[in-house]
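The values are calculated or read from the model by the stated rules, or taken from the named source; none is laboratory data. Here the structure is a predicted model, which is why all the values come from computation and not from measurement. Heads up, the Cβs are rebuilt from the backbone with ideal geometry, glycines too, and the neighbour counts pull from every protein chain shown.
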Amino acid sequence: MTRVVVLAGGVGGSKFTLGVREAVARRGDPEATVVVNTGDDLWLSGVRLQPDVDSIVYALAGVNDTQRGWGRAGDTERVNAELQAWGAGWPWFTLGDLDLGTHLARTGWLRDGLTPTQVIARMSERWPLGVRLLPMTDTEVDTIVVLADGRRMHFQEWWTRHRATLPPIAFENPGIEVAEPAPGVVDAIAGADVVLIAPSNPVVSIGPILAVPGMREALRATPARVIGVSGVIGGRVVRGMADVCLAAIGVETRADAVAAHYGPRRDGGLLDAWLLAEEDAALAPAVDARGIRARVAPLWMTGAAASAAPPQVRGHRGRRRAPGPLPPVARTVLRTDAASSPRLAGVAVSGDPPILRTVRRPRPKAGGRRAERGRRAEGGS
């Protein structure tokens, strides 16, 4: 049995999570735990929006709009038009009617005293997601973009209204300094066999998760292997504006540069291994030289989104949905020998979305090298 934790955010993270869910279900492993970014949450027109949470929830529930890449399938915008007629909200930020229903329900539960963790758990009662979904924190955290001209604006305005065309020089997360990992997050990481960093935006999707006090320490201390998947292929981002975000913090849009940004765990960073696309095979030696085990695979996600035909997953009460067609997707193989810790053996990725397949032999005994490495990590060395 392999216990998987995924750090994810955004549309890319939702596709990756779909694949992980499918592989875990087919193997009969425990449901994966997905820690999702909540750094771009915001209050708008009196309701609480959680864009990354909703993208992943809708995708896992099979109700997402695969054409637009966000929101609910078949949504309408009558309420949004009425809000604009009143001059309420942001005219450039569309709230679909079905989507607004989610926001209203969430806002009501929050005002009733529920935490974001409890709200997501309640959402999962309507839609068995096939994963355990946790917010990165229960504390309200924002993402503010600091522009080259000195202005500051919420990330959603910078991205949705200005389409990332205003040059940024920094990204800040007000509230992060008093945040702590949501209940269950640290325990999930500590008890995992593998932790996957999804090919989400390293700066505004994964960055806020890692910025939560205690999160990096948990990742460095876990006996699990921490494996990142590159969202940069051939020097270009697969989706979104990660290149603009990376440039703002001085990181090149290269697969090896992003791996270096996360850093090798042996030197105080996060990664044990990094998956690169075939187009970036020439960069693998540079990744290896930094102390991060590099593996090359065809990482392009192609074809129709798997959410269009939800695959077989285990429901929250042990029920199973009828199996859908399994798209050709990612395979991540972990190899464990009796005397050492799990190590990355190889990856093959094709189709949409990527999927994790783990193949493991029995865990080594508590006194083996795996346990020793965990003790060293906990000691900070």
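Every listed requirement among (1) hydrophobic (A, V, I, L, M, F, W, C); (2) surrounded by fewer than 24 Cβ atoms within 10 Å (Cβ to Cβ); (3) over 21 Å from G268 (Cβ atoms) is met by A192 save one, (3). Among the residues of segment 105-132, just one is touching a strand residue (DSSP E or B) at 6+ places or on another chain (Cβ under 6 Å) and farther than 17 Å from V36 by Cβ, namely T107.
Yes/no matrix, rows are residues, columns are (1) under 28 Å from V141 (Cα atoms); (2) touching a Phe, Trp or Tyr at 6+ places or on another chain (Cβ under 9 Å):
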site: I209; (1), (2): yes, no
site: E217; (1), (2): yes, no
site: T222; (1), (2): yes, no
site: G228; (1), (2): yes, yes
site: W274; (1), (2): no, yes
site: E279; (1), (2): no, yes
site: A297; (1), (2): no, no
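One residue alone among V237, V232 is over 14 Å from A8 (Cβ atoms), in contact (Cβ under 8 Å) with a residue 40 or more places away in the chain and either hydrophobic (A, V, I, L, M, F, W, C) or surrounded by fewer than 23 Cβ atoms within 10 Å (Cβ to Cβ) (or both), and that residue is V232. Taking segment 212-227, which residues are free of Cβ contacts under 8 Å to residues at least 60 places away in the same chain and among the small types (G, A, S)? Across segment 212-227, the qualifying residues are G214, A218.
Looking for something of a type outside the set (F, W, Y) and over 29 Å from G28 (Cβ atoms) - is there at least one such residue anywhere in segment 122-135? Scanning segment 122-135, I find no residue that is of a type outside the set (F, W, Y) and over 29 Å from G28 (Cβ atoms), so the answer is no. Tell me yes or no: at least one residue of segment 206-220 is within 19 Å of P168 (Cβ to Cβ), of a type in the set (A, V, I, L, M, F, W, C), over 14 Å from the mean Cα position of the chain (by Cα) and in a loop (DSSP other than H, G, I, E, B). Looking through segment 206-220, none of the residues is within 19 Å of P168 (Cβ to Cβ), of a type in the set (A, V, I, L, M, F, W, C), over 14 Å from the mean Cα position of the chain (by Cα) and in a loop (DSSP other than H, G, I, E, B). Taking segment 112-164 as the region of interest, the strands (runs of 3 or more DSSP E) fully inside it that hold 2 or more residues being over 17 Å from L60 (Cβ atoms), at pLDDT 95 or above and more than 21 Å from the chain's Cα centre (by Cα) are 144-147, 152-154. If only residues of segment 77-87 that are farther than 10 Å from D99 by Cβ and in contact (Cβ under 8 Å) with a residue 12 or more places away in the chain are counted, the one that is surrounded by the fewest Cβ atoms within 10 Å (Cβ to Cβ) is R78.
Given the criteria buried (at least 24 other Cβ atoms within 10 Å of the Cβ), at pLDDT 95 or above and more than 11 Å from the chain's Cα centre (by Cα), does P181 qualify? Working first, answer last.
On the way: buried (at least 24 other Cβ atoms within 10 Å of the Cβ): yes; at pLDDT 95 or above: yes; more than 11 Å from the chain's Cα centre (by Cα): yes.
In short, yes.
Once segment 24-39 is narrowed to residues that are surrounded by fewer than 24 Cβ atoms within 10 Å (Cβ to Cβ) and touching a residue at least 40 places away in the same chain (Cβ under 8 Å), the residue that is farthest from S124 (Cα to Cα) is R27. When I197 is tested against (1) under 15 Å from G269 (Cα atoms); (2) over 16 Å from the mean Cα position of the chain (by Cα); (3) hydrophobic (A, V, I, L, M, F, W, C), exactly one condition is not met: (2). Residues that are closer than 14 Å to I206 by Cα and in a loop (DSSP other than H, G, I, E, B) within segment 2-37 comprise G9, N37, listed in sequence order.
The condition of being buried (at least 22 other Cβ atoms within 10 Å of the Cβ), of a type outside the set (S, T, Y), in contact with a Phe, Trp or Tyr (Cβ under 9 Å, 6 or more places away or on another chain) and over 24 Å from V203 (Cβ atoms) holds for only one of V57, V63, V119, that being V119.
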